[in-house]
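Have a look at the structure below, then the notes.
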Amino acid sequence: MDTLIMAAQLLLGLSILVGLHELGHLLTAKMFGMRVEKFSIGFPPKIAGFKWGETEYSIGAIPLGGFVKISGMVDESMDTEQMASEPQPWEFRSKPAWQRLIVMLGGIIVNVVTGIVIFVVLVYQKGETFYSRDQVIEHGIVAYDIGRMIGFQDGDRILDINGQPYRSINDLSSGEALLSSDGFYTVDRDGEIIRIEIPRGFINSFSNEESMMRFINIRSPFEVGEIMPNSPASKIGIQPKDKIIGVNDRSIYYFNELQAALADNKGQEALITVERAGQKIEKPVPVSEEGTIGIAINPLIEPVVQRYGMGESIVKGTERAFGVVIVNAKALGKMFTGEVSAKNVSGPIGMAKIYGNRWDWVKFWSITGLISMILAFMNLLPIPALDGGHVMFLLYEMVSGQAPSDRFLENAQKVGMVLLLALMVFAIGNDILKIFTT
């Protein structure tokens, strides 16, 4: 069932984005009087379709993309017979270069607008929920294995990133921070100010969503929440809303301190000090071999909730959408220098995992908005067979006054398709490798 939910979300998200992208090409082509022969979401073989006017609309069996076939255009269909005939007034090749440029940018523009709209609506409806810099400095952090790897310790109070104050704990693990050159955190550790460097290539440690949970988090004061039936805690009478303030001779205030104290007493009996209604109660409790006593906790620190009006949401949503593009552009650049590993490239399996195995509409639209902006960015790359390749050749034509020959465009299209196929095979291979190595 988990796999089905992930696959369903991926297919729905891609279908929406691919459909809108290709619709951008179709509408701009028709706007300039070009004949659109086919519009497909998914690649052949065709599983369903209909014809309306001059255009055949269909759904393909391979749901990893889509296409629009415009008469008189060198594209993935490689229709050399049509290109060998005399140009007709309704064909792509017969139109001015500026019109053809708009058609090729149509899908990219629609993806950008879609991403912006999604982020604006999410910001307007949900606002932002986060732990602030003030809260991080007040309580300090819990450092997990990835955080400890670069030098963080429990209780560190992070003052800034690259010498600049931050707003939210999320900024500490943002792509902008992890991709910064010569980046560093400034930390207050028991009154001593220290500098923790962000190592070159550190972002490679964050290969999936679970990695973020192994970096750092804010320390949280707590009280006892749910108690597991027949657990050591239930047998000694621990109650919901109790505050555990000591284990043996160690004072406890934060949950990570309780976890550490119990871990040190695995398989042994520990003396638990509980505060209940202003009174202290001490009771011995057997600690399991896993270092637990059978309780869940309620955190006693509330995140900041920030709401925005429509005007503010437009600004924030647009910033967030283009922030995705900037981070991906930086990551791509550092991939060529070797600082970012190519193993971070994900295919459909990796994308499905990002959506997750639980249907959460807020997360679904957040991921879909992110993918929309990434698709726009990737499609703008000057690679033949992508929109950006066509844009590159059209700009050359507009500047030089001379269009590349159809033979050159056909060969460039073939090279581009081979590159894209190789990239897809590489991405799927990465996905499969991650399944067996994580």
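When the inverse distances between all different Cα atoms of segment 375-415 are averaged and flipped, the Kirkwood radius reads 10.4 angstrom. Per-residue ellipticity at 222 nm, computed for the chain from helices alone with -39500 (n - 2.57) per DSSP H run of at least four residues, works out to -14500 deg cm²/dmol.
For the pair segment 119-189 / segment 260-318, the C-alpha centres are spaced 20 Å from each other.
Across every direction, the projection of the convex hull enclosing the Cα atoms of segment 157-307 has a mean area of 12.1 nm². Modelled spin-label separation between Lys241 and Asn170, with each label point placed 7 Å from Cα along the Cα-to-Cβ direction: 3.3 nm.
For Lys283, a cut-off of 14 angstrom between C-alpha atoms picks up these aspartates and glutamates, skipping any fewer than 8 places away in its own chain: Asp242, Asp249, Glu269, Glu275. Near the amide H of Ala270, within less than 5 Å, lie the amide hydrogens of Val285, Val287, all on another chain or at least 5 residues away, with H placed in the peptide plane.
Each label was represented as a point 7 Å from its Cα along the Cα-to-Cβ direction; for Asn230 and Ser251 these points are 3.9 nm apart.
Distance between the 7 Å Cα→Cβ label points at Lys343 and Ser85: 5.3 nm.
Does segment 262-340 classify as rounded, prolate or oblate by the C-alpha gyration tensor (a ≥ b ≥ c root eigenvalues; a/c under 1.5 gives rounded; else a/b over b/c gives prolate, otherwise oblate)? Since a/c reaches 1.5 but b/c is at least a/b, the shape of segment 262-340 is classed as oblate. Using a cutoff of 8 angstrom between alpha carbon atoms and counting only pairs six or more residues apart, the relative contact order for segment 15-171 works out to 19 percent.
Close amide H pairs (under 5 Å, H built 1.01 Å from N) link Val247 with Ile252, Thr273, residues at least 5 positions away or on another chain.
With 0.36 nm allotted per residue and the present C-alpha distance subtracted, the Leu11-Glu223 stretch has 72.1 nm of extension available. As a quick test, which of the pairs Lys266/Lys434; Lys46/Lys95; Lys334/Lys363; Lys30/Lys51; Lys46/Lys414; Lys69/Lys414 have an alpha carbon distance above 25 angstrom in this structure? Beyond 25 Å between Cα atoms: Lys266/Lys434; Lys46/Lys95; Lys334/Lys363. If we count every other residue with Cβ under 11 angstrom of Tyr254's Cβ, Lys/Arg +1 and Asp/Glu -1, where does the sum land? That works out to -1. Within the same chain, aspartates and glutamates fewer than 8 places from Lys343 are excluded, and of the rest, those with a Cα less than 19 Å from its Cα are Glu209, Glu210, Asp431. Note on segment 1-69 and segment 339-396: Cα centroid distance 17 Å, given to the nearest whole angstrom.
Using the heavy atoms of the protein chains alone and a 1.4 angstrom probe, what is the accessible area of segment 306-434 per residue in square angstrom?
Value returned for segment 306-434: 55 Å² of accessible area per residue.
Listed values for segment 351-365 are Karplus-derived 3J(HN,Hα) couplings in whole Hz (6.51 cos²θ - 1.76 cosθ + 1.60, θ = phi - 60°), namely 5, 4, 5, 4, 4, x, 9, 10, 7, 10, 5, 5, 5, 4, 6, and x replaces Gly and Pro. Look at the Cα gyration tensor of segment 105-224: its axes a ≥ b ≥ c give a/c of at least 1.5 with a/b over b/c, and that counts as prolate.
Expressed in units of 2.2 N^0.38 Å, where N is the residue count, the Cα radius of gyration of the chain is 1.25.
Out of the DSSP beta bridges found with both residues in the chain, what percent are antiparallel (nearest 5)?
Working: 49 of 53 bridges.
Rounded to the nearest five, the antiparallel share is 90 percent.
Our estimate of slack between Glu54 and Met335, defined as 0.36 nm per intervening residue step minus the Cα-Cα distance, is 96.8 nm.
Report the charge-dipole magnitude of segment 274-373 in Debye, nearest 20, computed about the Cα centre from +1 at each Lys and Arg Cβ and -1 at each Asp and Glu Cβ.
About 260 debye.
For the chain, the relative contact order works out to 18 percent when only alpha carbon pairs closer than 8 Å and six or more residues apart are counted.
Counting only lysines at least 8 places from Lys316 when in the same chain, those with an alpha carbon closer than 16 Å to its own are Lys126. Put simply, the amide H of Tyr131, placed in the peptide plane, has neighbours under 5 Å in Ile169, Asn170, Val304, leaving out anything fewer than 5 places away on its chain. Straightening the chain between Arg214 and Phe364 buys 51.7 nm, computed as 0.36 nm per residue apart minus the Cα-Cα spacing.
Dimensions of segment 1-97 based on its C-alpha atoms, expressed as ranges along the principal axes with the largest first, amount to 54, 25, 24 Å. Computed about the Cα centre, the dipole magnitude for segment 165-299 is approximately 320 debye when only Lys and Arg (+1) and Asp and Glu (-1) carry charge, each at its Cβ.
Ligands, DNA and RNA aside, Phe426 has an accessible area near 90 Å² when probed at 1.4 Å.
The values are calculated or read from the model by the stated rules, or taken from the named source; none is laboratory data. Small disclaimer: the values here were computed from a predicted structure and weren't measured. When we count neighbours, we look across all protein chains shown, and the Cβ atoms used for this are built from the backbone with ideal geometry, even at glycine. Calculation scope for accessible area: heavy atoms of the full protein, side chains included, ligands and nucleic acids excluded. Shrake-Rupley method; radii C 1.70, N 1.55, O 1.52, S 1.80 Å.
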